[in-house]
Amino acid sequence: MTTKDTGAGPRSEYATEGLHGQFHDVLYAADNSPVWDRGWVRNTIVADCRRLLAGFVRGTPTTSEATIGLAVGAGLAAWDGSGPPNPAPTQTALVDPHPHLVPRAQLQMDFINPANGTISAQPTGTLQLKATLGPGVPAWPDTFHATSTLREFGLMARLNGTDVLINYRTHIAIAKDPASTLERTIWLVF
């Protein structure tokens, strides 16, 4: 997208330049032993995150609400054969039209000291969000999901009364059985 000429010629603005995210998933068996740990992987900050930040800075009449939850979805079963598609910064919603939302109250949110990775009592440029999807979460299979397999996620916020996606990631299928627990840690770096 091109912005207004500032006298130095038109400049390009990139929807997520300078912002980035990463996540770390660990799946635990019913006895709390780790089944696998996938390590840290990049996720995509999407364009609506910038619009949300601009809304926070502008204030009234814009109404911007911070993270309202973590949406997890089934994506498409077709991704299992070919691998999930790369997430795009233009993504506006999960592919799954009926995702499960882990509400804000169930997310642990902390600022992270970038120098040493520890939790900081003071605001920093790194925000950590932790979600624990315990046994039976999400409550799939259901009317919209034939299995409890997860293939995508995104953090959700609200802008002018509309839910918006602020980050997005597709991933290899996670066959979440009714007794397992998925611990997902997300870092947003501003």
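The values are calculated or read from the model by the stated rules, or taken from the named source; none is laboratory data. Predicted model only: the values in this text are computed from it and were never measured. Positions of Cβ are generated from backbone atoms using ideal geometry, with glycine treated the same way; all protein chains shown enter the neighbour counts. To get the accessible areas, we keep the full protein, side chains included, count just its heavy atoms, and leave off ligands, DNA and RNA. Shrake-Rupley method; radii C 1.70, N 1.55, O 1.52, S 1.80 Å.
How big is the dipole moment of the chain about its Cα centre under a simple scheme where the beta carbon of each Lys and Arg is +1, that of each Asp and Glu is -1, and everything else is neutral? Debye, nearest 20, please.
480 debye
Counting Lys +1, Arg +1, Asp -1, Glu -1, what net charge surrounds Thr162 among other residues with beta carbon under 12 Å of its beta carbon?
Residues close to Thr162 contribute a combined charge of -1.
At 1.4 Å probe radius, can you tell me the per residue accessible area of the chain in Å²?
Using a 1.4 Å probe on heavy atoms only, each residue of the chain averages 53 Å².
What does the highest-first list of 44-51, 135-142 look like by mean Cβ count within 10 Å?
For the peptides 44-51, 135-142, the packing ranking is 44-51, 135-142.
Would you mind putting 83-91, 22-30 in packing order, based on average other-beta-carbon counts within 10 Å, highest first?
22-30, 83-91
Between Pro141, Ile166, Ser180, whose Cα lies farthest towards the positive end of the dipole of the chain when Lys and Arg beta carbons carry +1 and Asp and Glu beta carbons carry -1, centred on the Cα centre?
The Cα lying farthest towards the positive end belongs to Ile166.
Of Arg58, Arg38, which has the most accessible area and how do the rest follow, probe 1.4 Å?
Ranked list, largest accessible area first: Arg58, Arg38.
Place a point 7 Å from Cα of Thr147 in the direction of its Cβ. Which residues in the stretch 37-73 have their backbone N less than 19 Å from it?
In the stretch 37-73, the label zone of Thr147 (backbone N under 19 Å from the point 7 Å along Cα→Cβ) covers 37-38, 72-73.
Could you look at the chain and say what percent of its accessible area is carbon and sulfur, using a 1.4 Å probe and all protein chains?
55 percent
For the chain, take the longest principal axis of its alpha carbons; what is the angle in degrees between that and the long axis of helix 47-58, to the nearest 10 within 0 to 90?
Relative to the chain, helix 47-58 is tipped by roughly 50 degrees.
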